[in-house]
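**Student:** Mind looking over this structure? Questions follow.
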Amino acid sequence: MPRIALLAGSKIAIVNAGEDAVILAPPPPREPVADVAAAVRDSLRFPLGGDPLEALVSRGGRATLVIEPPAQPVPQTPVDPRPAAIAAALSELERVGVRSADTTILVAGGLARRTGRRDVDQLVTPELARRFRGAVEVHDAESPELVPVDGDGLRDIRVHPALLDTDLVLTLSAAETVLHGGAGLLVGAADAATIRAAGAYSLLETAASRGWQVGVALERALARRVSVIGTSLVLTLPRLTGMLQGYPYEEESVERLVRSPVRHVFGALPGAIRRRALRAVPASRGVSAAFSGPPSVAHAEALLRGTEERARSLGEPLDAICLGVPGTTPYLPRERPNPLLAAYLGLGLALRLWRDAFPVVEGGTAILVHPFERRFAHPSQQPYRNFFRAIRAGSARELDLTREAELAAAADPKAIAAYRDGHTHHPLLPYADWSACAPALGRLGTVLVAGCRDHDAARALGLVPTHGVGAAIQMAQGRIDRPLRIGFVLAPPFFPLRVRT
């Protein structure tokens, strides 16, 4: 019986997979381009559609460069190509006559904790941080200075004034999902209610994505008032070295990790040391391609390219799927995830990265391997603590209860003030994360949490706690009257699944 290694929280769980189990690992990373800056420059000079950058703004004009905090993809790597891409984009603006002093960098972080000044410096290269003379704005979804945008389907939508008080809007992002990057950056610079409503059934298909539709409508509305162009990067999967070298792409690396005696020593270490060691694992990402043009066009092309590079094909939907949930958050700063964030990583992120069909049969089983400890990093995760307090009288599956709690959170002046001061995430973010789990929960019959330590936290979310992966697999087998077809996802990194319908 094959044994596989899953990263669960800050531990490495060894699982006995059946002979007929489907082992799902991402393809090896593509070779990155040698010069990220050159790729960005060429894409802006020769866009997929529309005019090149130099034809969109006159010399002496003003520009707003919209960027994203590098929260996606998970996990974050110490070596990231986006700072070099930002520097290249600003150099191109200077080349066409837009001075650094006339450029505004807008950090569109949506409902996540607002990026502090020290953290903003980490988004760009040290050389750029020293020489940049323009303004840096961190979006505030509750600011009274947000301005309304007129357009089809854009009623009551307000955006950051830097998107309108300019001659050119240039977005720069990584093409990870239909919600993250591209026109989604414009949604991330809108009011809280608009960001909260920007969801998607699949993170790789635009058809059923309200967030994509709003982003495209915002892009068109802005294009009627200012010039708009976007650059989307196709990031490679991370390359790991050290004790995780080759994981999870090479079968030999998985076997080496299973047999390694270091694994036992690592598991015996305190949790804080394990998390620090995992963050210190040498890893890097590159860029395999860069596309420019209208933000939605460039992003769609880059997303298709990235999906083809990173996807793993699945012949037909599984009866059950098992995946380890990493011990990090999908937002900055990287912290230990609370149970809701752990559920979001598994259900709202990993199980929405599919094309053509959901990877599990209707009424199937998902197994999340994570301890589900109810700990909340202070102060940033205070809204998640409030979420669990609000649903303690019932379950998060009770729509009336969560709807009432969300309305109360949206009107909580203390929570909103903490968000605006940069201390916490927005009080609506936990409810957005829980809504993101709804597509998977609607297709699955049950979700089992293997290795769960806080049973009450799992039950509050309508999930079923189990002692370990073996017990969870037996429960999944007991739900059907045929041999269980189960898949084990070797992640992170999370990767797309292409499912035959």
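The values are calculated or read from the model by the stated rules, or taken from the named source; none is laboratory data. As the structure is a computational prediction, the values presented were derived from the model and not from experiment. Because the Cβ atoms are built from the backbone with ideal geometry, glycine has one as well, and the counts that use them run over all protein chains shown. Note: accessible area is taken over every heavy atom of the protein model, side chains too, but ligands, DNA and RNA are not part of it. Shrake-Rupley method; radii C 1.70, N 1.55, O 1.52, S 1.80 Å.
**Student:** For the chain, what are the DSSP H helices with axial Cα length of 15 Å or more and mean Kyte-Doolittle hydropathy of at least -1.0?
**Tutor:** For the chain, where a helix must reach 15 Å along its axis and average at least -1.0, the hits are 82-95, 210-223, 295-310, 399-410.
**Student:** Follow-up. Would you mind classifying the range 389-501 by shape? Square roots of the alpha carbon gyration tensor eigenvalues, ordered a ≥ b ≥ c; an a/c under 1.5 is rounded, otherwise it is prolate if a/b is larger than b/c and oblate if not. Don't skip to the end; give the middle numbers.
**Tutor:** Numbers: a/c = 2.29, a/b = 1.86, b/c = 1.23.
It is prolate, given that a/c is not under 1.5 and a/b is the larger ratio.
**Student:** If you don't mind, there's one more thing I want to ask. In the range 111-211, what GluC sites (Glu not before Pro) fall in a loop by DSSP, with at most 11 other Cβ atoms inside 10 Å?
**Tutor:** The qualifying sites are E145.
**Student:** So if R0 is 30 Å, what FRET efficiency would A223 and A280 give, r being the distance between their Cβ atoms, rounded to the nearest 0.05? Before the final figure, lay out each step's value.
**Tutor:** Numbers: r = 44 Å, r/R0 = 1.48.
Approximately 0.10, to the nearest 0.05.
**Student:** Which distance in nm do the two modelled labels at R482 and E316 give, with both placed 7 Å along the Cα-to-Cβ direction?
**Tutor:** The answer from the label model is 0.7 nm.
**Student:** Starting from the Cα of R155, step 7 Å along the direction of its Cβ; do the same at A197; then give the gap between the two resulting points in nm.
**Tutor:** Placing both labels 7 Å beyond Cα along the Cβ direction yields 0.9 nm.
**Student:** Pull out the extension gain between H455 and K414, defined as 0.36 nm times the separation in residues minus the alpha carbon to alpha carbon distance; nm, one decimal.
**Tutor:** Gain on extension, H455 to K414, equals 11.7 nm.
**Student:** Then there is this: For the range 365-501, what does the relative contact order come out to in percent, with C-alpha contacts under 8 Å and a separation of six or more?
**Tutor:** 32 percent
**Student:** I'd like to know which of P337, L401, A13 lies farthest towards the positive end of the charge dipole of the chain, counting +1 on Cβ of Lys and Arg and -1 on Cβ of Asp and Glu.
**Tutor:** The Cα lying farthest towards the positive end belongs to A13.
**Student:** Using a 1.4 Å probe over the heavy atoms of the protein chains, calculate the carbon and sulfur portion of the accessible area of the chain as a whole percent. Write down the numbers at each step before the final one.
**Tutor:** Details: 10260 of 20260 Å².
Carbon and sulfur atoms account for 51 percent of the accessible area of the chain.
**Student:** Could you report the range 158-260's accessible area per residue, 1.4 Å probe, as an integer in Å²?
**Tutor:** Per-residue accessible area for the range 158-260 comes out at 33 Å².
**Student:** To one decimal place, what Kirkwood hydrodynamic radius in Å is obtained for the range 1-140 from all pairs of distinct Cα atoms?
**Tutor:** Evaluated on the range 1-140, it is 18.3 Å.
**Student:** I'm spelling it out carefully: the read-out is volume of the Cα convex hull per residue in Å³, the candidates are (1) 137; (2) 208; (3) 263, and one was derived from this structure. Which label?
**Tutor:** The value matching this structure is (1).
**Student:** Ok, one more. Summing -39500 (n - 2.57) over the DSSP H runs of n ≥ 4 in the chain and dividing by its residue number, what mean residue ellipticity at 222 nm do you reach, to the nearest 500 deg cm²/dmol?
**Tutor:** Per the formula, -9000 deg cm²/dmol.
**Student:** Among G468, A197, L323, flag the residue with its Cα farthest along the positive direction of the charge dipole of the chain, charges on Cβ as +1 for Lys/Arg and -1 for Asp/Glu.
**Tutor:** Towards the positive end, the residue furthest out is G468.
**Student:** Could you grab the relative contact order for the range 1-135? Cα pairs under 8 Å, six or more apart, rounded to a whole percent.
**Tutor:** That works out to 23 percent.
**Student:** Would any residue of the range 75-103 have its amide N under 20 Å from a label point 7 Å out along Cα→Cβ of R133? List them or say none.
**Tutor:** So the set is 87-103.
**Student:** Right, next: Determine the percent antiparallel among the DSSP beta bridges restricted to the range 1-121, to the nearest 5.
**Tutor:** On the way: 6 of 11 bridges.
So the antiparallel bridges in the range 1-121 amount to around 55 percent.
**Student:** Of the DSSP beta bridges with both residues in the chain, give the percent that are antiparallel, rounding to the nearest 5.
**Tutor:** Approximately 25 percent, going by the DSSP bridge assignments.
**Student:** According to a simple spin-label model (label point 7 Å from Cα along Cα-to-Cβ), what is the distance in nm between H423 and E54?
**Tutor:** It works out to 5.1 nm between the two label points.
**Student:** Turning to a different aspect of this structure: Towards the positive end of the charge dipole of the range 208-258, with charges on Cβ (+1 Lys, Arg; -1 Asp, Glu), say which of G215, V234, S253 has the farthest Cα.
**Tutor:** Looking along the dipole axis, the top candidate is G215.
**Student:** Given +1 on the Cβ of Lys and Arg, -1 on the Cβ of Asp and Glu, and no further charges, what dipole in debye does the chain carry about its Cα centre, rounded to the nearest 20?
**Tutor:** So the magnitude is around 1220 debye.
**Student:** Cα centroids of the range 347-367 and the range 46-118: how far apart, whole angstrom?
**Tutor:** Centre-to-centre distance over Cα atoms comes out at 34 Å.
**Student:** What FRET efficiency would be calculated for the residue pair A272, M243, taking the C-beta separation as r and a Förster radius of 30 Å, to the nearest 0.05? Show your work: numbers first, answer last.
**Tutor:** Values: r = 18 Å, r/R0 = 0.61.
Computed FRET efficiency for A272 and M243: 0.95.
**Student:** Using a probe radius of 1.4 Å on heavy atoms only, what accessible surface per residue do you get for the range 384-501? Whole Å² is fine.
**Tutor:** Per-residue accessible area for the range 384-501 comes out at 46 Å².
**Student:** Just want to confirm a number: the relative contact order over the chain, from Cα pairs under 8 angstrom separated by 6+ residues, in percent.
**Tutor:** Rounded, it is 21 percent for the chain.
**Student:** So, in Å, what gap is there between the alpha-carbon centers of the range 428-501 and the range 184-241?
**Tutor:** Each part's Cα centre sits 27 Å from the other's.
**Student:** Taking the Cβ of L341 as the center, what net charge do the other residues with Cβ under 14 Å away carry, scoring Lys and Arg +1 and Asp and Glu -1? Walk me through the numbers on the way to the answer.
**Tutor:** Numbers: positive: R113, R334, R336, R374, R375, R385; negative: E335, E373, D433, D454.
Result for the local shell: +2.
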